[in-house]
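Mind looking over this structure? Questions follow.
The values are calculated or read from the model by the stated rules, or taken from the named source; none is laboratory data. A quick note: this is a predicted structure, and the numbers were derived from the prediction, not measured. Here the Cβ positions follow ideal geometry from the backbone for every residue, glycine too, while neighbour counts run over all protein chains shown.
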Amino acid sequence: MKTFSESLRFLFVVGAALCAVPSFTLADEARFFRVAGPVPTTITAVSVDGYVTWTNQATNATFTIQTAVSLLSETNWVDYVQVPATNEVTTEQLYDPNPPSGMALIPAGSFTMGDTLDGESDATPPTNVYVSAFYMDTNLVSYSQWQTVYNWATNNGYAFDHPGLGKATNHPAQTVDWWDMVKWCNARSEMAGLMPAYYTDWTQAAVYRTGDLNLSSDCVNWAASGYRLPTEAEWEKAARGGLSGQRFPWGDTISESQADYVSYWVGGLPYYSYDVNTYSGPSTNYDTGGVPYTSPVGSFPANGYGLNDMAGNLWEGCWDWYAGPPYRAGSPYAGGSDPRGPPSSPYGERVLRGGFWGATALGVRCANRYWIVPSVTLAGANNNTGFRCVRGL
């Protein structure tokens, strides 16, 4: 197999608004990139750690980075990230050949949060949001991973509300509440020798290890090197994998080959036109042994950012308070950069994303939103909810 430096090469101008395309090989897959925009661009530098620099004639414009795994057809290109440019020279890290173990780089850029595809009130109106680059776990936290950190944590000053469960060691961890997730993130950080993200109050003097605290945004060291839950905006940007205006991380339709969910039928046909599964009910691969019908982490093809199970399997806990549709004018999500959600929730709810093994096709769309109430035992920890971690660069 070629090394990264040996496989770096270029393909030059393919039309007025397209420019040089770097290619790199990670594992056995070649990837190509190109820049498309409202004016001609020229790539002037590409580094081995994934930074690409280009020049353009206009400023205050958005450029689309596209990717392909083959150059045999023009239709192979798909959107990868939208990059707002405010100068005539732009440098962005598009990929990381050596990300933290088990994580993938989600490149900085803007995306459309929400959609108008199915008339769901929580998804409208769509809003343009900019999110800085970050790393995200490629898989949900597995039960084996949960147990390893949990055992270390309970011997090092941590106390959890629930010990967590999993259908098998390679299935995702579940039956943990939001506070368990946050404390586990801190424990994972400390176990790895990284700076924790969550603290007991705004002074950020005491690491959050015990108790059930309704943390506010100023209790978080957003620049910490350690692990944390994704914000809702980070989660949706990552879930879309660079695609725009699609229902799912891979496109507009869904079947059991793409996610662990329930195909809901009425009158011998799928109820949702975009559900193209060939039979009704949960996946026959995982509906054995009783609930929960989770699937092993990484069972389905990854999205454009290399992330698995961003639709189905388990709901995923996010940082944000849940306070109704986040996209309306005046809300924290009405545009802007790196939104972290509303300051509180009327009912003490935190956001969940992604759907779960018992959700229909409607419930596992990228734009679908749900909630968890940490203070209510049954609603706060159950077998349909898990999580994955993120880290800053």
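What are the residues in region 196-216 that are under 21 Å from Pro346 (Cα atoms) and in contact with a strand residue (DSSP E or B) (Cβ under 8 Å, 6 or more places away or on another chain), if any?
Leu215
Kindly evaluate Arg240 against the criterion of being among the basic types (Lys, Arg), in contact (Cβ under 8 Å) with a residue 60 or more places away in the chain, out of contact with any Gly (no Cβ under 9 Å at 6 or more places or on another chain) and over 15 Å from Gly358 (Cβ atoms).
No; evaluated as a whole, the condition is false for this residue.
Pull out all pairs, ordered by first then second residue, where Cβ-Cβ is under 8 Å, the residues are six or more apart or on different chains, the first lies in region 199-211 and is in contact (Cβ under 8 Å) with a residue 40 or more places away in the chain, and the second is surrounded by fewer than 16 Cβ atoms within 10 Å (Cβ to Cβ).
Note: pairs meeting the criteria are Arg209/Gly157; Arg209/Ala159; Thr210/Gly157; Thr210/Ala159; Gly211/Ala159.
Between a first residue in region 73-89 that is within 11 Å of Phe63 (Cβ to Cβ) and a second residue that is buried (at least 16 other Cβ atoms within 10 Å of the Cβ) and among the acidic types (Asp, Glu), which pairs have beta carbons less than 7 Å apart while being 6 or more apart in sequence or on different chains?
Final answer for the pair search is Val83/Glu92.
Filter region 312-331 for residues that are touching a helix residue (DSSP H, G or I) at 6+ places or on another chain (Cβ under 6 Å) and either on the phi > 0 side of the Ramachandran plot or not assigned by TED's automatic domain parsing to the domain that holds Arg388 (or both) and give the result.
Result: Gly312, single match.
Would you be able to tell me the number of residues in region 68-89 that are assigned to a strand (DSSP E or B), of a type in the set (Val, Ile, Thr) and surrounded by fewer than 20 Cβ atoms within 10 Å (Cβ to Cβ)?
So the count comes out to 2.
So Leu94 ticks every box in (1) among the aliphatic types (A, V, I, L, M); (2) more than 17 Å from the chain's Cα centre (by Cα); (3) modelled with pLDDT under 95 but one. Which box is left unticked?
(2) is the only condition that Leu94 fails.
Answer yes or no: is there a residue in region 231-244 that is part of a loop (DSSP other than H, G, I, E, B) and surrounded by fewer than 16 Cβ atoms within 10 Å (Cβ to Cβ).
Scanning region 231-244, I find at least one residue that is part of a loop (DSSP other than H, G, I, E, B) and surrounded by fewer than 16 Cβ atoms within 10 Å (Cβ to Cβ), so the answer is yes.
State yes or no: is Asp338 acidic (Asp, Glu) and under 19 Å from the mean Cα position of the chain (by Cα)?
It is true that Asp338 is acidic (Asp, Glu) and under 19 Å from the mean Cα position of the chain (by Cα).
Follow-up question, since we're still on this one. Determine which member of the set Gly317, Gly298 is at pLDDT 95 or above and assigned to a strand (DSSP E or B).
Matching residue, one of Gly317, Gly298: Gly317.
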